[in-house]
Number of protein chains: 2
Amino acid sequence: MTKKVTITDLAARAQVSVTTVSQILNGKAARFSSKTVEKVKQLQKEMGYVPDFNAQSLIRKSGRTIGVIIPNMNNPFFSRVLLGIETEAIKQDYVPLIFGSNNSQSQETHYLFESVRRAADGMIIASAVSDINYIDNILNQNGIPYILIDQAPVVKGDRVDANNQKGGALLADYLIKNGHTDVAVVCATKPTLNLQERLAGFVETYKNNGTPIPEDRIITTEMTKKGGYAATKAALATKPTAIFGINDEVAIGVYRGLEEAGLKIPSDISVVGYDDIDLGEYISPKLTTVHQPAFEMGTNAAQMIIKRIEDHNEPIQQVSLPVSLVERDSVRAIN
Amino acid sequence: MTKKVTITDLAARAQVSVTTVSQILNGKAARFSSKTVEKVKQLQKEMGYVPDFNAQSLIRKSGRTIGVIIPNMNNPFFSRVLLGIETEAIKQDYVPLIFGSNNSQSQETHYLFESVRRAADGMIIASAVSDINYIDNILNQNGIPYILIDQAPVVKGDRVDANNQKGGALLADYLIKNGHTDVAVVCATKPTLNLQERLAGFVETYKNNGTPIPEDRIITTEMTKKGGYAATKAALATKPTAIFGINDEVAIGVYRGLEEAGLKIPSDISVVGYDDIDLGEYISPKLTTVHQPAFEMGTNAAQMIIKRIEDHNEPIQQVSLPVSLVERDSVRAIN
């Protein structure tokens, strides 16, 4: 085992002082001859010297670190959100520390502590399992700002989401227009706030249409492909002409359930989803859904938390991004 | 903005010394009365005190941190690998710092430096874009062990992968058994080592069967659903009876290309993939593929790197996990 290369090793090889090396590697190269600068930078590469994080954050007064906690890395919706966060963070020279809580409260708490321990300057939290007052307490006490994204419950702080109420209403309007008054919904057993709003927008639109959705037509399950698949039988038992999978993953599970029940989409039954993950275009028939701007939710969250890190006194920011109906091939007009 | 809660604040409130608090929070509570221990732990929660990472790693002699660089968070195969890494890391009280390089060499280098700066004790690298000698230099110079996983190129160090040569051969045998001697392959423009081996196993089996695959039947594209979709036309132009998508994502793209060309799988044409991502069971018809133990690749990589971190003198470990054919509904026997 080699020992970690230190700034002293590098300075000795370059035959300059430690201060000179430190200043050159911290953006103050202009003070030195280009020959010295080049020599130091060349040796840094050769010797594999990496400046120490703690030393550097002392100099810069910030570690330029954003802690990110998401519930489920296996859902492509969150992969897109992460990509947005990473893209914006890199642009502004911040480093995202990404933690997946796998929907476990103990893992979430563990990673929340780790983010604080590792000197996160701010946090983006897209997870809904924890008690928000607990999160708020830990982060506030340590002076760390945070932003809630998508499914985290409402508090008075910064927040970015997409308009779920409207998205639910868009789908309901579209199904009603196509003659589907008998619909079943496959939703979460413990719906997070965004799912509650999505469902409320959908249910209310049906109610206002004079065709309310009976409670037994709202089937609850796990928010995965597997969950949607498992719930299909119960949904079919209510004899709907269309099924709303509360997200695309669930709708794709319903596709499989219907296929195994010998039903064709959309000739025998219609299906809609929510999120617009790229997969929706690759299954057959292509899935009609609501587009959520996942990537933009990520970039917006990163922009907002960086703004907050750099000025704790900014007014509270709450951004609700627009959603839109994506009409594909999974709904048949039956009127 | 509140200031970060310090150990001194906590000690003052608890009316004990800083040393007492430090020892209680670092697993040496047995020396103190249960009343004192309880008081300190209760106040830690109330005040939201999080021990400083640097102070703690000095005490423990290690930050118990594993840096992880993966090429693409959007591929469910890597999400499974990550889940395996996380699961094992948590079990052994390590924290994974996860970075997605988005197949960009500059991002990869950036995150490699960040991992070293943030005191990673070891690295798991599943990325193939960088010059391996460059990685080896930086990490070796800093005494940081690393393990290569899946698509990273071979070096003499620790490594975990699945047997790609055999997986390719399994698929070829199966297709030949079902009468498909005219096959097209949709592969990567710049195949990484694992893809090269997979292709070699496939191509060699056909050669040994006396039905070699002509070069023009090997179509190259991007390793995504979109890439598979875009390559379908060129693959069809070679009039194959079956198409091998070099991974499941590509095969799912081919499904869409065939659907749009008006062809039915498997009655008009057969398709096979590789990876066994969960989606393969949710598309129609269900995809015949080779199972790669993605989760186990993650747990094995984490186990191996932790072993290496804790003993740099362990002999070199190279694990090749078994693969198996998963026969579903996307291949028709034509003989």
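Go ahead and estimate [θ] at 222 nm for chain B from helices alone: -39,500 (n - 2.57) per DSSP H run with n ≥ 4, summed, over the residue count, rounded to 500. Calculated from helices alone, the mean residue ellipticity at 222 nm is -14000 deg cm²/dmol. Surface analysis of the protein assembly as shown yields an accessible area of 41 Å² per residue, using protein heavy atoms and a 1.4 Å probe. Can you say what percent of the DSSP beta bridges in the protein assembly as shown, counting only those with both residues inside, are antiparallel? Round to 5. Roughly 10 percent of the DSSP beta bridges within the protein assembly as shown come out antiparallel. Using a probe radius of 1.4 angstrom, the carbon and sulfur fraction of the accessible surface of region B:164-292 is 51%.
Using the structure shown, list the pairs from B:207/B:239; A:226/B:177; A:41/B:190; B:177/B:225 with a Cα-Cα distance above 21 Å, or answer none.
Beyond 21 Å between Cα atoms: A:226/B:177; A:41/B:190; B:177/B:225.
Taking the Cα centre as origin and putting +1 on Lys and Arg beta-carbons and -1 on Asp and Glu beta-carbons, what dipole magnitude results for region A:164-292, to the nearest 20 debye?
Using only the charged Cβ atoms, the result is roughly 200 debye.
In this calculation the C-beta distance from residue B:193 to residue B:239 is compared with R0 = 35 Å, giving a FRET efficiency of 0.70. Pull out a ≥ b ≥ c, the square roots of the eigenvalues of the alpha-carbon gyration tensor of region B:260-329, then state rounded if a/c is under 1.5, prolate if not and a/b is larger than b/c, and oblate in the remaining case. Prolate is the answer for region B:260-329, as a/c is 1.5 or above and a/b outweighs b/c. Think of region B:164-292 as having a plus end and a minus end, set by charges on the Cβ of Lys, Arg, Asp and Glu; of B:290, B:245, B:181, B:181 sits farthest toward the positive end of this dipole.
Too long at a 25 Å Cα-Cα cut-off: which of A:286/B:233; A:264/B:264; B:91/B:156?
Numbers: A:286/B:233 19 Å; A:264/B:264 15 Å; B:91/B:156 28 Å.
Too far apart for the 25 Å limit: B:91/B:156.
Largest mean-square fluctuation among A:173, A:121, A:93, in a Gaussian network model of chain A whose springs join Cα atoms under 10 Å apart, belongs to A:93. Relative to the longest principal axis of the Cα atoms of chain A, helix A:164-177 runs at roughly 30 degrees. Largest mean-square fluctuation among B:23, B:92, B:105, in a Gaussian network model of chain B whose springs join Cα atoms under 10 Å apart, belongs to B:23. Spin-label model, residue B:200 to residue A:105: label points 7 Å out along the Cα-to-beta-carbon direction sit 5.2 nm apart.
In order along region B:255-262, phi translates into HN-Hα couplings of 3, 5, x, 5, 4, 6, 7, x Hz, rounded to whole numbers, per the Karplus curve 6.51 cos²θ - 1.76 cosθ + 1.60 with θ = phi - 60° and x for Gly and Pro.
In this simple spin-label approximation, residue B:17 and residue B:307 carry label points 7 Å from Cα along the Cα→Cβ vector, and these lie 4.3 nm apart. For the peptide A:42-48, the mean number of other protein chain Cβ atoms found within 10 angstrom of a residue's Cβ is 3. Just the number, please: percent antiparallel of the DSSP beta bridges in chain B, rounded to the nearest 5. If I count the DSSP bridges inside chain B, around 10 percent turn out antiparallel. With R₀ set to 45 Å, the beta-carbon distance separating residue B:314 from residue A:215 gives a calculated FRET efficiency near 0.15. The amide H of residue B:182, built 1.01 Å from its N in the peptide plane, has B:241 as neighbours under 5 Å, considering only residues 5 or more places off or on other chains.
The H on the amide N of residue A:286, modeled in the peptide plane, is under 5 Å from the matching H of A:329, each at least 5 residues off or on a different chain. Remark: the residue B:208-residue B:92 segment gains 37.1 nm on full extension, using 0.36 nm per residue and subtracting the alpha carbon distance.
Between residue B:137 and residue A:137, the distance separating the two model label sites (each 7 Å from Cα on the Cα→Cβ line) works out to 5.2 nm.
Taking a ≥ b ≥ c as the square roots of the Cα gyration tensor eigenvalues, the protein assembly as shown comes out oblate, since a/c reaches at least 1.5 and a/b does not exceed b/c. The same position residue A:92 in the other copies lies at 3.6 nm from this copy, comparing label points 7 Å beyond Cα toward the beta-carbon, shortest first. Residues in region A:182-195 carry Karplus couplings, in order, of 9, 10, 10, 10, 9, 10, 7, 4, 10, x, 6, 3, 4, 5 Hz; the curve used is 6.51 cos²θ - 1.76 cosθ + 1.60 with θ = phi - 60°, and Gly or Pro positions show x. Considering only B:205, B:189, B:241, the mean-square fluctuation computed in a Gaussian network model of chain B, springs between alpha carbons under 10 angstrom, is largest for B:189.
The values are calculated or read from the model by the stated rules, or taken from the named source; none is laboratory data. Just so you know, these numbers come straight off a predicted model, no measurement behind them. For neighbour counting, all protein chains shown are included, and Cβ atoms are generated from backbone atoms with ideal geometry for every residue, glycine included. When the accessible area is computed, the model is the full protein with side chains, heavy atoms only, and any ligands, DNA or RNA have been set aside. Shrake-Rupley method; radii C 1.70, N 1.55, O 1.52, S 1.80 Å.
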